[in-house]
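Asks: The following block contains the structure, expressed as structure tokens.
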Amino acid sequence: SSSSSSSSSPSVAVAAEEDKEEEEEEEVVDEFGRVVGQAANSSGKAKRALIRQKREQQRAAAAAAGGTKYSDLPPAAGQVQQARDAGYETPDVSEDVGLQYVNARSSILRDISEFFEDVSDEFKSLNAAKAVLEEWKNRYHSAYTDCFLPLSVPSIFGVYVRRQTLLWLHSKRGVMQSTALDKMEWYNDLFDFGIVEGQAEDEDSVLVPTLCEKVVVPLLTDAVQTDWECVSSQQTHRCRLLVEELLSHSVDEAASAPLDQLKNAVFSSLARACHTHSALPVIPVFSPADSISQAETETAAGRQRRFCQQRYFAALKLLQSVSEWDRVLLSRDVRQLASSVVLDNLLPMLCWELERAGELYTQADASETAVLLLKALADCLQDKW
């Protein structure tokens, strides 16, 4: 029995070791299949550190090119200006996400290019289909109207418009940085569709507005929900111009369900950005411990203070994005979002600078910093607010 016991113990040990190895392997992969082991975490931290270092060098170089270095300013002003530059900076897209976007865009563009491969030549392009329908309308106008073709024209042209709009949405520049709507080919090709000189009314006079509402608005709604970076001033400005342009083409904005969905998508994206920003700390939470020195306390608290100041200016940038929609969305909704940004993300930091910063720094430094932060907030608010 002793021999059998001794012979079985190695196999048990081997099995236990294998189970342990399997558990260790399972620990490095989460429910999404992402590697979260110690090596991966160390690699991720190293990459983020390099990105932060690169951004700091770029900001310092930009400040030096402008003739002013952070060190040339008073301590409080220099720290606030550095936090402002960091907070106003739109985060870069990671290389992995950028590569995924490029691959997805290439696949979509390849599929779009195959839309009309098996279509006859007279309907292969928008201009060819337009010529056929215009000839029918001019030569057989009664038949054109009697068969209710004006009601079907938007659906016929909608296929071509959708193809061009998809190409526009997935262009290399992206929809938030692309050309205006009235610069698109389909818009100019169909703007004067079937117009006859001397004819007071035309059945197809609302063709372009109908195509904007039925085709372009839903596609832009998807882009707003997935591609729009709310904290980017450039993208926000471009997105607002696009929405305003589509609203100006509406026949009846109040009764348009697609336009309501577009405005709801804008509001939801802004609200989601505000909620996401509030999820991170907005004031320093460092508590001094008896086991560390005063210098270590000031260093740790200083890092948290700089981080929260950067978050303060990122919230100011978000506030500017929210306020830009005051003429498009309901003013009540915009003021509600703006109030949430101010109350949840800005006032806590101002109060901390006035009430708590003096415990670790001089009262003069804390007061000067609070004044600079308050002035930055006042500059972002609209006059009527």
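The values are calculated or read from the model by the stated rules, or taken from the named source; none is laboratory data. Just so it is clear, the structure is predicted and the values come from calculations on it, not from any experiment. Neighbour counts are summed over all protein chains in view; Cβ atoms, including those assigned to glycine, are modelled from backbone coordinates with ideal geometry. Ligands, DNA and RNA are stripped out before the accessible areas are found, and what is left, the full protein with its side chains, is counted by its heavy atoms. Shrake-Rupley method; radii C 1.70, N 1.55, O 1.52, S 1.80 Å.
Asks: For the range 309-385, with every protein chain kept in place, what is the accessible area per residue (1.4 Å probe, Å²)?
Replies: Numbers: 3700 Å² over 77 residues.
Averaged over the residues of the range 309-385, the accessible area is 48 Å².
Asks: Ordering HIS141, HIS249 by accessible area with a probe of 1.4 Å, largest first, what comes out?
Replies: HIS141, HIS249
Asks: Return the subset of LYS183/LYS384; LYS124/LYS183; LYS183/LYS375; LYS214/LYS384 for which the Cα-Cα distance in this structure is over 32 Å, preserving the input order.
Replies: Pairs exceeding the cut-off: LYS183/LYS384; LYS183/LYS375; LYS214/LYS384.
Asks: Compute the length gained on full extension between THR226 and GLN304: take 0.36 nm times their separation in residues and subtract their Cα-Cα distance, giving the result in nm to one decimal.
Replies: 24.9 nm
Asks: Just the accessible area for TRP352, please: 1.4 Å probe, Å², rounded to the nearest 10?
Replies: Around 20 Å² of this residue is reachable by solvent.
Asks: Next up: With a Förster radius of 41 Å, plug the Cβ-Cβ distance of ALA364 and ARG272 into 1/(1 + (r/R0)^6) and report the FRET value to the nearest 0.05. Write out the running numbers ahead of the final one.
Replies: Working: r = 40 Å, r/R0 = 0.97.
E(calc), rounded to 0.05, equals 0.55.
Asks: While we're on this one: Between SER205 and PHE123, with labels modelled 7 Å along Cα→Cβ, what's the label distance in nm to one decimal, could you check?
Replies: 2.9
Asks: What length, rounded to one decimal in nm, is gained on full extension from LEU374 through to ARG327, with 0.36 nm per residue of separation minus their alpha-carbon distance?
Replies: Using 0.36 nm per residue and subtracting the Cα-Cα distance, I get 14.4 nm.
Asks: In nm, to one decimal, how far is the modelled label at SER142 from the one at GLN234, with both set 7 Å along Cα→Cβ?
Replies: Calculated label separation equals 5.9 nm.
Asks: Then there's this: Relative to the present Cα-Cα distance, how much length would full extension add between GLU253 and LEU109 at 0.36 nm per residue of separation?
Replies: This chain segment gains 48.6 nm when fully extended.
Asks: While we're here: THR210: net charge of surrounding residues, Cβ under 12 Å, Lys/Arg +1, Asp/Glu -1, itself excluded?
Replies: Result for the neighbourhood of THR210: -3.
Asks: VAL328: net charge of surrounding residues, Cβ under 12 Å, Lys/Arg +1, Asp/Glu -1, itself excluded?
Replies: -3
Asks: If we count every other residue with Cβ under 14 angstrom of THR276's Cβ, Lys/Arg +1 and Asp/Glu -1, where does the sum land?
Replies: On the way: positive: ARG272, ARG311, LYS317; negative: GLU229, ASP344.
Taking every other residue near THR276 into account, the sum is +1.
Asks: Still on this model: Given R₀ = 41 Å, what would the calculated FRET efficiency be for GLN261 paired with ILE195, taking r from the Cβ atoms and rounding to 0.05?
Replies: For GLN261 and ILE195, the calculated efficiency is 0.85.
Asks: Okay, moving on. Between the alpha-carbon centers of the range 130-149 and the range 312-385, tell me the distance in whole angstrom.
Replies: Centre-to-centre (Cα) distance: 60 Å.
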